[in-house]
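The values are calculated or read from the model by the stated rules, or taken from the named source; none is laboratory data. Note that the coordinates shown come from a computational prediction; the quantities given were computed from them, not determined experimentally. So basically every Cβ, Gly included, is an ideal-geometry build from the backbone, and we count neighbours across all protein chains shown.
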Amino acid sequence: MFVFIYTNFSHEFNDFVEKAEAKHVTTVKQKLTRFYAQSESWQPIAEDMVLWRAIVDPEKEPVKPIVSEPRDTDDYQKKNSDNPAPSLLWLHHPEDLLKTGQRISLYDQDKNVVIGRTTLNENTQIEPILLSNKIIGWVGLVPSRRVKDSPAKAFVNAQFQNYFIFTLLVILLAFVMAIVLSRHLTKPIKQIVAGTNELTKGNFASRIIPTTKDELGTLSNNFNELADTLEHNREMRYQWMSDTSHELRTPLSVLRSHLLAVQDGVFVADEKRINTLIGQVDNLNHIVDDIAQLANSDTAKLTYDDAEIDVIEVLEKTLESYTARFEEQSLTLNSDALKSAGKCIVSGDKDRLQQLFTNLLENTCRYTHQGGQVNVTVNTTETSVELVLQDSAPSVLAADRSKLFERFYRVEKSRNRDFGGSGLGLALCKQIAEAHGGHISLEDSPLGGLEVKISLPLVG
């Protein structure tokens with residue numbers, strides 16, 4: 001930009017100076033023509049420097065020829081050379097600012113010097129002075145560009161210095177701004193790089209403080225969410241391993257203690273003792289099956305055979321299979337709403353849905369007090385069906401109810417299996433409901449226990 005602007009300025013300014021000098025010379029020639037027409041001689045000019053200055057100075061009108069002492073041209077030029085250099089502004093400049101009159105010489109028709117340079121050839125530009133189409137003299141001019149210390153060159157040099165200083169300042173400013181902007185742009189990137197390095201080292205507690213609200217800020221927020229997820233998954237994995245080992249240790253400890261007692265002769269390996277051991281093996285088998293099902297579900301390997309089935313029919317058959325259990329616990333079942341519900345066709349796996357209902361009914365039988373009540377109702381819309389299972393006391397506190405779908409969580413902190421299973425049943429129920437495009441929720445039942453709501457999308 002500096003080279004372009006300065007080159008363009010120099011070219012335009014030189015054109016301006018040449019036109020101004022040509023105009024000045026034309027004006028001087030007109031004055032000299034009028035002067036010669038009056039005096040018919042160049043002698044008065046040769047003898048009077050003031051007269052010559054009046055002719056070549058555009059601010060003064062030429063005067064009548066007078067006789068006076070000759071003036072030294074060098075003294076005149078020296079006096080005027082003391083003027084200050086041109087300023088930055090050339091608007092409304094005086095016409096003698098270029099000092100063109102100091103570089104004009106006058107010669108007679110024989111090319112003998114009247115005033116100025118000794119010979120005509122010393123001038124770069126030479127123009128004749130005509131009167132009635134007859135040459136009466138010559139005007140010589142040394143252009144400003146040929147003079148070493150001319151005001152025009154001084155002005156151009158001043159502009160060059162100013163432009164050069166401005167260019168250096170702009171470069172310095174651009175350099176400083178580049179440093180500031182680069183630091184501003186690279187700071188969040190460096191934070192993200194440092195954060196990802198921490199994640200690769202296993203430090204999932206690493207977080208990034210977003211410093212911008214642009215795409216990098218969004219990326220920082222996404223990084224924090226990823227770190228939260230990884231940290232939560234690690235904690236869940238630790239909890240999963242801890243709970244799994246605890247669940248497996250309980251029946252194994254019982255088995256080992258009973259077998260050691262039989263080996264030492266403390267217990268007799270009778271039918272009752274063997275049934276107890278078989279029950280513990282069944283508990284182990286049940287826990288392993290639940291873990292395998294959840295593991296398959298987590299890795300999207302749990303098998304689902306999609307088919308159009310009547311979910312009401314599946315629920316009714318599951319209830320029929322639990323008739324004996326309800327009678328054993330003296331529970332009253334009210335499922336009349338299913339008979340009037342009609343068909344509710346959903347797309348899903350019949351066995352998985354039956355597993356879902358079985359887990360829920362098993363929990364009801366285990367936790368509901370004897371002599372309690374169980375209600376089953378159905379609510380349908382154009383797009384979904386909602387199955388509601390309500391049981392009587394006891395209920396669950398709200399703080400515990402929000403955690404019942406977590407794996408291995410049981411309200412009974414002692415983990416005594418007389419009061420519950422492995423704590424995986426409701427987690428499986430949630431997996432199955434979500435796999436069918438629905439959801440499951442827990443609320444307080446109006447009967448005093450829990451209310452389970454299962455919503456599934458209808459076909460069509």
Quick one: would you say Q161 is more than 30 Å from E231 (Cβ to Cβ) and surrounded by 13 or more Cβ atoms within 10 Å (Cβ to Cβ)? no
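Considering only the range 160-175, I want to know if a residue exists there that is assigned to a helix (DSSP H, G or I), within 30 Å of V25 (Cα to Cα) and in the same structural domain as Q102 (by TED's automatic domain parsing). Step through it out loud before you land on a result.
Residues of the range 160-175 that are assigned to a helix (DSSP H, G or I), as a first pass: 160-175.
With within 30 Å of V25 (Cα to Cα) added as a condition, the list becomes 160.
Subset that is in the same structural domain as Q102 (by TED's automatic domain parsing): none.
No, every residue in the range 160-175 fails to be assigned to a helix (DSSP H, G or I), within 30 Å of V25 (Cα to Cα) and in the same structural domain as Q102 (by TED's automatic domain parsing).
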Only unsatisfied item for N275, checking (1) surrounded by 12 or more Cβ atoms within 10 Å (Cβ to Cβ); (2) over 60 Å from the mean Cα position of the chain (by Cα); (3) part of a helix (DSSP H, G or I), is (1)
Taking the range 305-322 and keeping residues within 17 Å of C365 (Cα to Cα) and part of a loop (DSSP other than H, G, I, E, B) leaves Y322
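For every residue, the table says whether it meets (1) in a loop (DSSP other than H, G, I, E, B); (2) under 60 Å from the mean Cα position of the chain (by Cα); (3) modelled with pLDDT of 85 or more; (4) of a type in the set (F, W, Y).
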site: K23; (1), (2), (3), (4): no, no, yes, no
site: T26; (1), (2), (3), (4): no, no, yes, no
site: T33; (1), (2), (3), (4): no, no, yes, no
site: S68; (1), (2), (3), (4): yes, no, no, no
site: H92; (1), (2), (3), (4): yes, yes, no, no
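Quick grid of which residues meet (1) touching a strand residue (DSSP E or B) at 6+ places or on another chain (Cβ under 7 Å); (2) surrounded by fewer than 17 Cβ atoms within 10 Å (Cβ to Cβ); (3) modelled with pLDDT of 90 or more:
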| position | (1), (2), (3) |
| --- | --- |
| G371 | no, yes, no |
| N375 | yes, no, yes |
| S395 | yes, no, no |
| R410 | no, no, no |
| S422 | no, no, no |
| A427 | no, no, no |
| S441 | yes, yes, no |
| L447 | yes, no, no |
Which residues, counting only those in the range 232-276, are of a type in the set (F, W, Y) and closer than 30 Å to N203 by Cβ? Y238, W240
Picked from the range 119-141 (must be polar (S, T, N, Q) and out of contact with any strand residue (DSSP E or B) (no Cβ under 9 Å at 6 or more places or on another chain)), the residue surrounded by the most Cβ atoms within 10 Å (Cβ to Cβ) is S132
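Give me a count of the residues in the range 98-155 that are among the β-branched types (V, I, T) and in a loop (DSSP other than H, G, I, E, B).
The total comes to 5.
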Considering only residues that are in contact with a Ser or Thr (Cβ under 6 Å, 6 or more places away or on another chain) and at pLDDT 85 or above, look in the range 429-439 and name the one that is surrounded by the fewest Cβ atoms within 10 Å (Cβ to Cβ). H439
Of everything in the range 330-341 that's at pLDDT 85 or above and outside any helix (DSSP H, G or I), which residue is surrounded by the most Cβ atoms within 10 Å (Cβ to Cβ)? L331
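Listed here are the residues, each with its yes/no results for (1) surrounded by fewer than 11 Cβ atoms within 10 Å (Cβ to Cβ); (2) in a helix (DSSP H, G or I); (3) of a type in the set (F, W, Y); (4) at pLDDT 85 or above.
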| position | (1), (2), (3), (4) |
| --- | --- |
| H184 | no, yes, no, no |
| G195 | no, yes, no, yes |
| L219 | no, yes, no, yes |
| N222 | no, yes, no, yes |
| L230 | no, yes, no, yes |
| Y238 | yes, yes, yes, no |
| E247 | no, yes, no, no |
| H258 | no, yes, no, no |
| V266 | yes, no, no, no |
Enumerate the pairs (first residue in the range 166-187 and in contact (Cβ under 8 Å) with a residue 24 or more places away in the chain; second residue anywhere and in a helix (DSSP H, G or I)) with beta-carbon separation below 6 Å, excluding pairs fewer than 6 apart on the same chain, so at least 6 apart or on different chains. T167/F2
Spot the failing condition for G348; the list is (1) in contact with an Asp or Glu (Cβ under 7 Å, 6 or more places away or on another chain); (2) at pLDDT below 85; (3) not hydroxyl-bearing (S, T, Y), and only one is missed. (2)
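Could you check the range 293-303 and list, in sequence order, the residues that are touching a helix residue (DSSP H, G or I) at 6+ places or on another chain (Cβ under 9 Å) and either loosely packed, with under 14 Cβ neighbours inside 10 Å or at pLDDT 85 or above (or both)?
D298, K301, T303
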